[in-house]
Ligand SMILES: [Zn+2]
């Protein structure tokens, strides 16, 4: 976890927004940025975002709910939300744990995700939900 990023403190309730500002999120991050990672699945490799885990109840859309568009693919389980105006992906409800959102760390106001240093990459190509049951 990271409670500061490049010297910038992560607030216990931190604001996040899309690029045009239509969509604003309030995110409770009492433990800082948890499990930041990249993913090499077919969607994430195109977006290139760094995501962090946030329990569903700790993320609230406080503006622009009507601007959010939903994108789903493959098993149609994960719910990928993005701003219909600027196209920035803000968060998604995860397929591997539907009780969590994956938050786009780059949307956190004042936080530069490049200051997080080396970020592990999840093996999204071989997603756990795609493997044959043992
Ligand atoms: Zn926007």
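Laboratory data are not the source of any read-out in this text; all were calculated from the coordinates shown. Only a predicted model underlies this, so the values are computations on that prediction, with no experimental measurement involved. Using ideal geometry, Cβ is built from the backbone for each residue, glycine included, and neighbour counts are taken over all protein chains shown.
Using the number of other C-beta atoms within 10 angstrom as an exposure proxy, rank 73, 82 with the fewest first.
Exposure proxy ranking, most exposed first: 73, 82.
Suppose we keep just the DSSP beta bridges with both residues in the chain; what percent of those would be antiparallel, to 5?
Taking every DSSP beta bridge within the chain, about 95 percent pair in antiparallel fashion.
Among 88, 33, which comes first, then next, by fewest other beta-carbon atoms within 10 Å?
Listing 88, 33 from fewest to most nearby Cβ atoms yields 88, 33.
Considering only C-alpha atoms, what is the centroid distance from the range 85-118 to the range 12-65, in Å?
3 Å
Could you work out [θ]222 nm for the chain from helices alone, using -39500 (n - 2.57) per DSSP H run of at least four and dividing by all its residues? Round to the nearest 500 deg cm²/dmol.
-500 deg cm²/dmol
Return 15, 76 ranked ascending by Cβ neighbour count within 10 Å, so the fewest neighbours appear first. Please list the in-between numbers first.
Values: 15 14, 76 8.
Ascending Cβ contact count within 10 Å gives the list 76, 15.
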